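The values are calculated or read from the model by the stated rules, or taken from the named source; none is laboratory data. All values reported here derive from a predicted model rather than from experimental measurement. A quick note on method: Cβ atoms are made from the backbone with ideal geometry, for glycine too, and the neighbour counts reach across all protein chains shown. Remember, those area values only see protein heavy atoms, side chains included, never the ligands or the DNA or RNA. Shrake-Rupley method; radii C 1.70, N 1.55, O 1.52, S 1.80 Å.
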Amino acid sequence: MKPDFRKTMIWLHTYSGLVLGWLLLAIFVTGTLSYFNHEISQWMKPELGSKPVSSMAINQSLQRLNTDASGAINWRINLATSRNNHLKLSWTMANKPKNIRHSQTLDSQSFQPIEVRDTQGGNFFRTFHYTLQLRDYGGRYFAGIAAMMMLVGIFSGIFTHRRFFRDFFTVRLNNVLKTLTDLHAVVGIITIPFCFILSVSALFIYISMYMPWSMDHHYDKGSRELNALVSTSLPALIPANIAAKPITDFTVILAQVQQQWPEQNAIKRISYELPFDANGRIVVSRHKSMSLSNKTQVLAFSSVDGHALTGAESERTARMLRRIFYGLHEALFASAGLRWLLFFMGSASCLLIASGMVMWLNKRLAKVKQRHLGHYLVERLNIAGIIGLILAIAGYFYANRLLDFNLAQRADAEISVFLLTWLAALTYSFIRPAQRAWLELLLITAIAYLLLPFVDFILNPQWLLQAWQYNNWVYLGVDLALLTTGSISLIFYCWLRGRNN
Amino acid sequence: MILSYLLQLVALWLLSMAMTKHFRHSFKRSLSARQEQCFSIGGWLTLVISFISLLSGEFPALMGVYWLSFLALNILLIALFNSWKSRKR
């Protein structure tokens with residue numbers, strides 16, 4: 001008998017979504033937060049303050065490096081942006097058997113070193129969304145399988161929800177389950193390009209891990225050797241072994257850089273390679289706001305007299321294509337407006353996945369008289385996977401504010417709090433009746449998010465007051481986002497409680 | 001960019017009006033074949049103009065990302081608007 005194609009697609013859509021839905025949701029929630037990686041990091045490092053960065057930052061940093069890092073084999077200045085407000089110097093001292101690396105964060109106005117709390121900040125969400133905190137235990141393979149399943153879900157979803165293409169632009173608002181089904185379909189359609197690009201680019205990024213066989217067959221060192229062959233970089237630096245003084249007035253180089261990169265605040269990073277050698281080189285890296293590719297554009301200058309040096313060759317098309325997919329995934333090119341649009345699509349994708357899982361359960365519970373173990377498990381995992389994850393994120397932020405500043409391995413402790421909160425939510429969802437667990441966890445989440453900005457203010461009023469004084473909308477924006485998340489949770493709580501009553 | 005966004009919003013509204021159900025909810029009368037054709041052609045044409053107007057400037061690849069992002073937001077807005085209209089009725 002010829003199988004019914006559409007029925008097969010519905011089955012595939014249902015069960016590919018169900019099996020990996022919770023994993024996909026965790027990946028999409030943390031990945032969506034990664035669009036504001038730097039902003040979250042700035043909020044999580046309040047010691048950075050809110051003062052605007054002085055225009056003298058480069059020269060002041062160079063003078064400090066000249067004093068504190070005399071004799072170093074390299075210097076690096078990571079310039080502050082309005083997104084991260086983090087001016088960081090680092091340098092490497094030659095030592096045997098291993099070179100020693102130092103770093104310093106400077107106050108953006110006084111250029112004095114400041115102590116910043118040890119945290120992964122927003123970067124935790126970025127690394128979690130592709131390693132699942134299981135980097136050494138196959139986390140990236142799980143994320144790859146999830147990306148593949150997302151692609152399966154997208155294509156099978158087009159056949160499953162074909163009615164929506166006929167009734168385009170329709171959301172039935174008269175019944176909760178119908179509204180949810182239509183919302184699932186409409187966000188499914190609007191996020192097709194977004195989810196497709198993200199899933200395909202995720203597979204492209206780790207293609208050498210997922211399909212290493214051809215590279216291993218043709219090259220002795222596999223993907224490493226292939227990467228070295230196709231990547232382009234600046235020519236190797238050969239030391240002259242003649243002592244020289246590096247330029248510490250960057251004005252001459254800045255004029256040359258501005259000719260090549262006319263946009264405002266084009267420089268992301270300045271590196272001095274062998275600053276005390278006559279062949280020393282200054283490498284200026286550009287912000288990735290002008291290109292879809294994730295390849296950093298650089299300019300090279302002599303560190304002795306500032307004349308321009310040979311740059312890197314342009315990359316081959318295949319390599320460039322992979323870099324564009326990489327760039328599209330990371331969206332480092334995005335301006336604030338586009339980042340909000342991408343955040344909106346990320347949030348819509350989360351709604352898509354979460355609504356799919358809730359629908360699966362509700363449609364089945366409406367048909368059966370007696371629940372079986374599968375229903376029970378999905379019901380509880382939905383609670384932990386959706387609201388438990390949101391609560392765990394709040395736990396991570398609380399840990400950032402409440403853990404002792406000098407605690408050893410503080411950054412790891414914050415992540416442990418995130419994971420333990422999630423585990424607690426999972427346990428809670430199993431020991432309480434489902435409806436009660438939803439309501440109680442929603443209420444706890446709402447209170448946690450709504451209180452967080454106040455806890456922040458009580459701990460140190462200066463952080464918020466300074467942000468207000470200097471119009472630091474990154475800091476204020478994170479506080480507003482926390483209040484919004486809390487308010488949405490509270491609205492859901494009230495709605496669900498009313499519905500249950 | 002704002003012009004392109006607004007053109008896209010209008011284009012999607014025109015395309016939704018080319019569908020009998022949405023037209024009836026908005027104008028409280030049936031959609032004739034000629035009207036359907038007009039809305040459909042007008043919608044697609046406006047959509048193409050919005051696409052070209054955005055891509056004709058600097059950084060067309062980057063603008064393509066903007067256009068697709070606008071599309072997602074605008075489809076949702078039109079869907080919610082039409083649903084609200086039909087519910088009001």
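Under the definition of Cα pairs under 8 Å and six or more residues apart, what whole-number percent is the relative contact order of the range A:205-282? Can you show the working numbers first?
Working: 52 pairs, mean separation 24.2, N = 78.
Once normalised by length, the contact order is 31 percent.
For the protein assembly as shown, give me the percentage of DSSP beta bridges that are antiparallel, rounded to the nearest 5 percent.
Given both bridge residues lie in the protein assembly as shown, the antiparallel proportion sits at roughly 100 percent.
Using 0.36 nm per residue, how much length does the chain from A:ASN174 to A:ARG432 gain when fully extended, once their Cα-Cα distance is taken away?
Difference between extended and current length: 89.8 nm.
Provide the packing ranking of A:442-453, A:51-62, i.e. peptides ordered by the mean count of other C-beta atoms within 10 Å per residue, highest first.
Listed from highest to lowest mean packing, they are A:442-453, A:51-62.
Where in chain B are the DSSP H helices whose C-alpha atoms run 30 Å or more along the long axis and whose mean Kyte hydropathy is at least -1.0?
Counting only whole DSSP H runs, the qualifying helices are B:33-55, B:60-88.
Take every residue in peptide B:67-75, count the Cβ atoms of other chains within 10 Å of its Cβ, and give the average of those counts.
Mean inter-chain Cβ contacts per residue within 10 Å come to 5.
Output wanted: per-residue J couplings in Hz (rounded whole) for the range A:485-494, from phi through Karplus 6.51 cos²θ - 1.76 cosθ + 1.60, θ = phi - 60°, x for Gly and Pro.
After applying 6.51 cos²θ - 1.76 cosθ + 1.60, I find 4, x, 5, 4, 4, 5, 4, 4, 4, 5 Hz.
Looking only at other chains, what is the average number of their beta-carbon atoms within 10 angstrom of each beta-carbon in B:15-26?
2
What does the extension gain come out to for A:PHE405 and A:SER54, with contour length at 0.36 nm per residue minus their alpha carbon separation?
Stretched out fully, the A:PHE405 to A:SER54 stretch lengthens by 123.6 nm.
Distance in nm between label sites at A:GLN109 and A:LEU134, each 7 Å beyond Cα in the beta-carbon direction?
Between A:GLN109 and A:LEU134, the simple spin-label model gives 4.8 nm.
Please compute the net charge surrounding A:LEU365, taking Lys and Arg as +1 and Asp and Glu as -1 over other residues with Cβ under 12 Å from its Cβ.
Around A:LEU365, the surrounding residues sum to +4.
Multiply the residue separation of A:THR127 and A:ILE207 by 0.36 nm, subtract the distance between their alpha-carbon atoms, and state the gained length in nm to one decimal. Let's see the in-between values first.
Numbers: separation 80, 0.36 × 80 = 28.80 nm, distance 1.75 nm.
Fully extending the segment from A:THR127 to A:ILE207 adds 27.1 nm.
So what's the gap between the Cα centers of the range A:112-159 and the range A:30-48, to the nearest angstrom?
Their Cα centres are 15 Å away from one another.
Pairs of alpha-carbon atoms within less than 8 angstrom and 6+ residues apart define the contacts here; what relative contact order does the range B:2-88 have, in percent?
Numbers: 86 pairs, mean separation 34.2, N = 87.
Once normalised by length, the contact order is 39 percent.
Can you work out the Karplus-derived ³J(HN,Hα) for every residue in the range A:22-38? Use 6.51 cos²θ - 1.76 cosθ + 1.60 with θ = phi - 60°, whole Hz, and x for glycine or proline.
Going residue by residue, I get 5, 5, 4, 5, 4, 5, 6, 5, 5, x, 5, 5, 5, 4, 10, 3, 5 Hz, with x marking Gly and Pro.
For chain A, take the longest principal axis of its alpha carbons; what is the angle in degrees between that and the long axis of helix A:176-190, to the nearest 10 within 0 to 90?
In chain A, helix A:176-190 runs at an angle near 40 degrees to the longest axis.
Nearest 500 deg cm²/dmol is fine: what mean residue ellipticity at 222 nm does chain A get from its DSSP H runs of n ≥ 4 alone, each adding -39,500 (n - 2.57), divided by its residue count?
Numbers: 20 runs with 299 residues, N = 501.
Per the formula, -19500 deg cm²/dmol.
Where does the charge balance sit around A:GLU315 when Lys and Arg score +1, Asp and Glu -1, over other residues with C-beta under 11 Å from its C-beta?
+4
Accessible area per residue of the range A:396-487 at 1.4 Å probe, in Å²?
Normalised by residue count, the accessible surface of the range A:396-487 is 52 Å².
Checking the table A:LYS178/B:LYS85; A:LYS51/A:LYS295; A:LYS88/A:LYS288 against a 28 Å threshold on Cα-Cα, which pairs fail?
With Cα atoms farther than 28 Å apart: A:LYS51/A:LYS295.
To the nearest whole number, what is the average tally of beta carbon atoms from other chains within 10 Å of the beta carbons of peptide A:170-179?
Across the residues of A:170-179, the mean count of other-chain Cβ atoms within 10 Å is 3.
Calculate the length of the line joining the C-alpha centroid of the range A:281-331 to that of the range B:1-61, in whole Å.
Computed from Cα coordinates, the inter-centre distance equals 40 Å.
I'm a student and want to see the number: the projected area of the Cα convex hull of the protein assembly as shown, averaged over all directions, in nm².
Reported value for the Cα convex hull: 33.7 nm².
What nm value, rounded to one decimal, do you get for the distance between A:ILE10 and A:ASP249 when each label is placed 7 Å out toward the C-beta?
It works out to 7.8 nm between the two label points.
Run the simple label-point estimate for A:GLN469 and B:ALA61 please: 7 Å along Cα→C-beta, distance reported in nm.
The answer from the label model is 4.4 nm.
Tell me, what is the percent relative contact order of the range A:369-501, built from C-alpha pairs under 8 Å that lie six or more residues apart?
Working: 109 pairs, mean separation 35.2, N = 133.
RCO, the range A:369-501: 26 percent.
How far is helix A:373-383 tilted off the main Cα axis of chain A, in degrees rounded to 10, range 0 to 90?
The angle comes out at about 40 degrees.
Note the angle between two axes, namely the Cα long axis of helix A:192-205 and the longest principal axis of the Cα atoms of chain A, as a number of degrees from 0 to 90, rounded to the nearest 10.
That works out to roughly 50 degrees.
Summing Lys, Arg as +1 and Asp, Glu as -1, what charge do residues with Cβ under 14 Å from the Cβ of A:ASP68 carry, A:ASP68 excluded?
Numbers: positive: A:ARG64, A:ARG76, A:LYS88, A:ARG101; negative: none.
Neighbour charge sum, excluding A:ASP68 itself: +4.
In whole Hz, what ³J(HN,Hα) sequence does the range A:339-345 give by Karplus (6.51, -1.76, 1.60; θ = phi - 60°), x for Gly and Pro?
So the Karplus estimates, Gly and Pro as x, are 5, 5, 5, 5, 4, 4, 5 Hz.
Report the one residue of A:PHE325, A:LEU452, A:THR485 whose Cα lies farthest in the direction of the positive end of the charge dipole of the protein assembly as shown (charges on C-beta: Lys and Arg +1, Asp and Glu -1; origin at the Cα centre).
A:THR485
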